[in-house]
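**Student:** Just dropping this structure here.
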Amino acid sequence: MESKVSKIGVLTSGGDAPGMNAAIRAVVRTGIYYGLDVFGIMRGYTGMIENDIFRMESKSVANIIQRGGTILKTARCKEFFEPEGRKKAYENLKRLGINGLVVIGGDGSFRGAQKFSTEFDIPCIGLPGTIDKDMAGTDFTIGFDTAVNTAISAIDKIRDTADAHDRLFIIEVMGRDSGYIALHSGIGTGAENILIPEYKTNIEEVVERLQEKEKRKKLVNLLVVAEGDEFGGANEVAKAIKARMPNADIKVCILGHIQRGGAPSSIDRLIASRLGYAAVECLIKGDKVNTMIGVVNNHLHYTPLNEAVKETQTIDPEWLKIVKILAS
Ligand code: F6P
């Protein structure tokens, strides 16, 4: 088969996510297997604009599959959203002869890739890499499973001390626009309730449930709040509850960036490896380019970049019902 590309670039962009390194490794090793030259682009689109680009060998990606973060570093690059910035980036790629691009990142990164691919003759493949899982067209995003497992292991520890003191803990997890980490970690730890940006929370109802539990002497309760919920995070939720239950012993714990780091889980390593391989195959064949490759029902799924940036995943409201029933 004749390859449509000869030199490809790979970059990571937006918030880092565990498994990005495994994806970079897969792109590099698959590219080299097929005889391509593979270039690493540092700090996302910033490196493309500043020509911070280097040739990668098979050994450049040795010993990284188990590491969190990204060896290519990452950035959120405002300049790439301006036509001038994209032109500079294109000229740098053109000078090096790069004729295919793999972008590992979230929806912001794909917005950039989508614009770039319509303006210039360099096909792009997006691989969903974000702990937030806020992307349609894939059942998983690289990093989500690890982040949820990190949150779960932290919340389990919180439950031990909550239980010892009979306390209400309000735990904030990441997710500026997405409640997936809150939903999965909340269900996985038996949270009393989850508060997420996708749905409005009736705080009076939350308080009524806590009061009813208090009567039953069920005093250990965990509320998991996504950072982007309507109240503005766990501290604000705590204030709202304290105002209605002044005697409650309430503690707040914000898990923060620990959710972004650490060794990727087996699922994240697997998805990242599979998607990295698929991205190169796509560029070589040239038939499904300018798409985001995801996994749906365990099959590779290709979503055109212009659709991938429009749609977000929705959370079925039945999940909130399940949380409440199981915690009653
Ligand atoms: O996009 C992933 C994410 O971790 C969000 O959940 C969070 O709101 C954001 O990144 C934080 O970004 P930063 O580290 O740049 O503050």
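**Student:** With respect to residue 238, is the statement that it is buried (at least 18 other Cβ atoms within 10 Å of the Cβ) and not in a strand (DSSP E or B) true?
**Tutor:** When the stated conditions are applied, residue 238 passes them.
**Student:** Restricting to strands (runs of 3 or more DSSP E) lying wholly in region 246-328: which have 2 or more residues that are among the hydrophobic types (A, V, I, L, M, F, W, C) and touching a residue at least 60 places away in the same chain (Cβ under 8 Å)?
**Tutor:** Numbers: elements: 250-254, 291-296, 299-304.
Qualifying strands (runs of 3 or more DSSP E): 250-254, 291-296.
**Student:** Which is closer than 15 Å to residue 328 by Cα and not in a helix (DSSP H, G or I), of 222, 210?
**Tutor:** Numbers: 210 fails: not in a helix (DSSP H, G or I).
Only one candidate qualifies: 222.
**Student:** If you go through region 204-236 one residue at a time, how many are farther than 19 Å from residue 189 by Cα and in contact with a Leu (Cβ under 9 Å, 6 or more places away or on another chain)?
**Tutor:** Here the count works out to 3.
**Student:** Which residue, of 102, 148, is buried (at least 24 other Cβ atoms within 10 Å of the Cβ), β-branched (Val, Ile, Thr) and more than 16 Å from the ligand (Cβ to nearest atom)?
**Tutor:** Working: 148 fails: more than 16 Å from the ligand (Cβ to nearest atom).
Only one candidate passes the filter, namely 102.
**Student:** Take the residues of region 151-183 that are surrounded by fewer than 24 Cβ atoms within 10 Å (Cβ to Cβ) and among the acidic types (Asp, Glu): which is nearest to the ligand (Cβ to nearest atom)?
**Tutor:** Per the stated criteria, the residue is 177.
**Student:** Out of the residues in region 61-87 meeting the condition of being among the charged types (D, E, K, R) and assigned to a loop (DSSP other than H, G, I, E, B), tell me which one is surrounded by the fewest Cβ atoms within 10 Å (Cβ to Cβ). Spell out how you get there, then give the answer.
**Tutor:** The first filter runs over region 61-87 and keeps only residues among the charged types (D, E, K, R), leaving 67, 73, 76, 78-79, 82, 84, 86-87.
Cutting the leftovers down to assigned to a loop (DSSP other than H, G, I, E, B) gives us 67, 73, 76, 78, 82.
Working: 67: 18, 73: 18, 76: 18, 78: 10, 82: 12.
So the residue we want is 78.
**Student:** Given the criterion over 25 Å from residue 312 (Cα atoms), modelled with pLDDT of 95 or more and more than 18 Å from the chain's Cα centre (by Cα), identify the matching residue among 41, 71.
**Tutor:** Values: 71 fails: more than 18 Å from the chain's Cα centre (by Cα).
Unique residue meeting the criteria: 41.
**Student:** Please work out which one of (1) surrounded by 20 or more Cβ atoms within 10 Å (Cβ to Cβ); (2) on the phi < 0 side of the Ramachandran plot; (3) outside the structural domain of residue 241 (by TED's automatic domain parsing); (4) away from the ligand (no atom under 16 Å from the Cβ) is the condition residue 137 fails and give its number.
**Tutor:** Answer for residue 137: the failing condition is (2).
**Student:** Moving on to the next point. What tally of residues in region 282-300 results from selecting those that are surrounded by fewer than 15 Cβ atoms within 10 Å (Cβ to Cβ) and at negative phi?
**Tutor:** Total meeting the criteria: 4.
**Student:** Could you check residue 27 against (1) outside any strand (DSSP E or B); (2) more than 14 Å from residue 126 (Cβ to Cβ); (3) in the same structural domain as residue 73 (by TED's automatic domain parsing) and say which number it fails?
**Tutor:** (2)
**Student:** Output the residue which, of all residues in region 30-60 that are crowded, with 24+ Cβ neighbours inside 10 Å and not in a strand (DSSP E or B), is nearest to the ligand (Cβ to nearest atom).
**Tutor:** 44
**Student:** Next question, about the same structure. I want to confirm something. Restricting to region 241-261 and keeping residues that are crowded, with 18+ Cβ neighbours inside 10 Å, under 17 Å from the mean Cα position of the chain (by Cα) and not charged (D, E, K, R), which single residue is farthest from residue 163 (Cα to Cα)?
**Tutor:** Only one residue tops the list, namely 259.
**Student:** Taking residue 186 as meeting all but one of (1) more than 16 Å from the ligand (Cβ to nearest atom); (2) not in a loop (DSSP other than H, G, I, E, B); (3) not aliphatic (A, V, I, L, M), write down the number of the exception.
**Tutor:** With respect to (1) more than 16 Å from the ligand (Cβ to nearest atom); (2) not in a loop (DSSP other than H, G, I, E, B); (3) not aliphatic (A, V, I, L, M), residue 186 is out only on (1).
The values are calculated or read from the model by the stated rules, or taken from the named source; none is laboratory data. Since the structure is predicted, the reported quantities are computational estimates derived from the model, not experimental observations. Neighbour counts run over all protein chains shown; Cβ positions are idealised from the backbone, glycine included.
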